[in-house]
Amino acid sequence: MAEELLKVENLSIDYKIEGGYLSAVNDVSFSIEPGQVMALVGESGCGKSTIAHTVMRLSIDHNEKIGGHIYFQGRDLLALSEPDMEKVRGKEIGMIFQNPLDSLNPVYRAGTQVEEGLKLDGISGEEAKQRVLELFKDVQIPNPETRMESFPHELSGGMRQRVMIAMMLAREPKLLIADEPTTALDVTVEAQVLRIMKDMCEKEHAAVLLITHNFGIVAEIADRVGIMYAGELVEEGEIHEIFRQPIHPYSQALLSALPRMKKSQGRIQAIEGNVPRITEKEDVCRFANRCPYAEAICREKRPERREVVPGHWVCCHVK
Amino acid sequence: MGAIIKIKDLNKQFSFAKGLFAKGITINAVQDLTLDINEGEILGLIGESGSGKTTLARTMLGLTMASGGHVDIDGTEVVGASKRNLRKVREQFAVVFQDPASNLNPRQTVESSIIRPLIIRGMSKAEAKEKAKVALANVQMDLSYLGSYPHQLSGGQQQRIAIARALVMDPKVMILDEPTSALDISVQAQILNLLLELQEKLNLTYVIITHDLNVIRYVSDRIAVMYMGRLVEYGSVDDVLEDPRHPYTEILIHSVPVMNPEDRGSEKQIFPGEPGDVPEDPQACRLAKRCPYVMEKCLHETPEMTEIGPGHFAECFLINRKNARTEEENK
């Protein structure tokens, strides 16, 4: 069994809000092996993005209460000093976001920005330029020599995202966190970017933590998927398993809500109600009041994480 | 059920003057578009950035002035119409936009938002309030929401109110521009099913504009595919999705991520380029630089809309490329 690259253990994150705390992530545990693509999927407010930011220790509002551990290659990232974390961020763990304009400096040329990263690894001058050119070719940027001189605003969305991937891969990270990497892209461009991400990560044997609400891209590239609801990881398993046999009622409901066929073939199933905002942590199942299978115990005790089949975990009393 | 909207040779250009000494740019946002929309149908209009789908919708409503061509709405010509006629046409339509917040005035209660347009049209407040109650019931929302403000509602609830507001005007045609793109999956499911129910119940005509192929497959009767300002293919859902004849439709279908990991193929074809990569020659086919079947001819001429089967049309010189290939294979 390969040594886990990332091991999240009992992670809880509460945000300070007026009048108390919002439970954004509650007791989440999962791990990622080297070279694996793990997707965290869920709807708004499920906490997936919060987890991604917390792994990188990119605080969302500096007022969180964080409990639990995030082990990366055996070291607890939550216990590191900021200077030590800085060595990890960008180098060992890279991150790309939904909107590349948020991360690309508008006044520096694309090539220069990638070079900056290489400098941190002691590569500069002509060697760095050659490396940038190679990377631009790897991410299939046409006319890479010219594009190296472009400013971000001169590039299309798809090109910017490729520059981000190049920038990130330049440091040769072991883990890439991709937070909604293709949401802002046209679908024909999305297909290209996903392929590049998958190929490059395979080539570099980098693991990926993919954060998304889009089941399509999960089905397309993930090895494992974790489904989150209201801050909790309700189900986790191998990709084919989860799609074929979702066990948690929320997973089942979510998959049934996806439009995958024509209306003449049947109606998709909506889930009644709304996602709760948890301001008071109770010992209950957070999905109980929307669950068609809820029983008394669901409102009295929080379900524990059970391995129903090797590698397939569910948090549910009933199923 | 005949055509309620008849679009013929519609053109819309946007011109930008670059400067005193530089040439201006002209963008053909919509080019040579001819399409009928039938009463009682759901027409899905699909395309990526720059396809012109939103410009088409705006031009149909007279919100943007067409550069040329005709749009006949139930007997009234929109292009070049008088203010009076435009108003008359707009009364037949209702529009729902993507961003639920932009559909509603944050300073007005739900009830105010819904009844205001009716009162402007001359309805009495009492009558309008009654209509608002019916509309809310139609979108399956509790009457207690009449007193709420938009910020107190979830995205899905805001979108329901936007639909209620659209319905209350008794439109013949609803134009929905990315109606569920900003919503979570489970909320999207609620709204899509609601739209289907309402359409059946009230015999509405919908034009649904989206980039999401899965949504379009689910709700549409017919699909129209747009690319860089041109209508490249249209037909029934079955025809367009199961027998796509325009290379762009093929590309689009292949690019959409599979919904099932079992369908993951190592042979998945990824197509090059982006929307916007168009050939220099304005006479060339817009897809020429990205098309896997491109021929010399495509670089100098735009193909014409050709019939493939009853109701199924595409504009490509190689419409029958599949048949040719199959014949080869069967030899």
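The values are calculated or read from the model by the stated rules, or taken from the named source; none is laboratory data. All figures in this text were calculated on a predicted structure; none of them were measured in a lab. Glycine also receives a Cβ, built like all others from the backbone with ideal geometry; neighbour counts cover every protein chain displayed.
Observations on the structure shown:
- Tally of residues being facing chain A (nearest Cβ under 8 Å) and either polar (S, T, N, Q) or under 18 Å from A:Val139 (Cα atoms) (or both) across the stretch B:276-287: 0
- Verdict on B:Pro292 being surrounded by 14 or more Cβ atoms within 10 Å (Cβ to Cβ) and either of a type in the set (Lys, Arg) or at pLDDT below 95 (or both): no
- Any hit, the stretch A:181-194, residues being in contact with a Lys or Arg (Cβ under 9 Å, 6 or more places away or on another chain), at the interface with chain B (Cβ under 10 Å from one of its Cβ atoms) and of a type in the set (S, T, N, Q): yes
- Search result, residues across the stretch B:209-221 that are surrounded by fewer than 23 Cβ atoms within 10 Å (Cβ to Cβ) and not in a helix (DSSP H, G or I): B:Thr210, B:His211, B:Asp212, B:Asp221
- Across the stretch B:223-238, the qualifying residues are those that are within 24 Å of A:Leu258 (Cα to Cα) and within 12 Å of chain A (Cβ to nearest Cβ), and the one among them that is surrounded by the most Cβ atoms within 10 Å (Cβ to Cβ) is B:Ile223.
- Close pairs from the stretch A:34-54: first part of a strand (DSSP E or B), partner surrounded by fewer than 20 Cβ atoms within 10 Å (Cβ to Cβ) and among the small types (Gly, Ala, Ser), Cβ under 6 Å, at least 6 apart: none
- Filter result (more than 9 Å from chain A (Cβ to nearest Cβ) and within 13 Å of B:Val139 (Cα to Cα)) within the stretch B:191-211: B:Leu195, B:Glu197, B:Leu198, B:Gln199, B:Lys201, B:Leu202
- Evaluated against (1) of a type in the set (D, E, K, R); (2) in contact with a helix residue (DSSP H, G or I) (Cβ under 9 Å, 6 or more places away or on another chain); (3) closer than 28 Å to B:Arg116 by Cβ, B:Lys172 falls short on exactly one condition, (2).
- Residue count for the stretch B:127-162, restricted to those that are loosely packed, with under 13 Cβ neighbours inside 10 Å and closer than 12 Å to B:Ser112 by Cα: 1
- Residues in the stretch A:268-294 that are under 24 Å from the mean Cα position of the chain (by Cα), within 14 Å of another protein chain (Cβ to nearest Cβ), surrounded by 19 or more Cβ atoms within 10 Å (Cβ to Cβ) and not β-branched (Val, Ile, Thr): 1 in all.
- Residue in the stretch B:163-180 that is within 14 Å of another protein chain (Cβ to nearest Cβ), surrounded by fewer than 22 Cβ atoms within 10 Å (Cβ to Cβ) and either part of a helix (DSSP H, G or I) or in contact with a Lys or Arg (Cβ under 9 Å, 6 or more places away or on another chain) (or both) present: no
- Residues that are in a helix (DSSP H, G or I) and more than 21 Å from A:Ile211 (Cα to Cα), drawn from the stretch A:250-270: A:Lys263, A:Ser264, A:Gln265
- Candidate set: the stretch B:256-267, residues that are at the interface with chain A (Cβ under 8 Å from one of its Cβ atoms) and either over 19 Å from B:Asp212 (Cα atoms) or not polar (S, T, N, Q) (or both); chosen: the one surrounded by the most Cβ atoms within 10 Å (Cβ to Cβ): B:Pro257
- Only one of the numbered conditions (1) surrounded by fewer than 17 Cβ atoms within 10 Å (Cβ to Cβ); (2) within 9 Å of another protein chain (Cβ to nearest Cβ); (3) in a helix (DSSP H, G or I) is violated by B:Ile253, and that is (2).
- For beta carbons closer than 6 Å, sequence separation of 6+ or different chains, a first residue in the stretch A:175-188 that is at positive phi and a second that is surrounded by 23 or more Cβ atoms within 10 Å (Cβ to Cβ) and in a strand (DSSP E or B), the qualifying pairs are A:Glu180/A:Thr212.
- Among residues that are assigned to a strand (DSSP E or B), within 30 Å of A:His317 (Cβ to Cβ) and among the β-branched types (Val, Ile, Thr), A:Val225 is included.
- Filter result for B:Ala81 (among the hydrophobic types (A, V, I, L, M, F, W, C), over 27 Å from B:Gly155 (Cα atoms) and either without any contact (Cβ under 8 Å) to a residue 24 or more places away in the chain or surrounded by 15 or more Cβ atoms within 10 Å (Cβ to Cβ) (or both)): yes
- B:Tyr145 being away from every other protein chain (no Cβ under 12 Å), of a type in the set (Phe, Trp, Tyr) and either at positive phi or touching a Lys or Arg at 6+ places or on another chain (Cβ under 7 Å) (or both): no
Table: residues versus (1) among the aliphatic types (A, V, I, L, M); (2) crowded, with 22+ Cβ neighbours inside 10 Å; (3) touching a strand residue (DSSP E or B) at 6+ places or on another chain (Cβ under 8 Å).
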site: A:Asp223; (1), (2), (3): no, no, yes
site: A:Met228; (1), (2), (3): yes, yes, yes
site: A:Glu232; (1), (2), (3): no, yes, yes
site: A:Glu235; (1), (2), (3): no, yes, yes
site: A:Glu238; (1), (2), (3): no, no, yes
site: A:Glu241; (1), (2), (3): no, no, yes
site: A:Gln252; (1), (2), (3): no, no, no
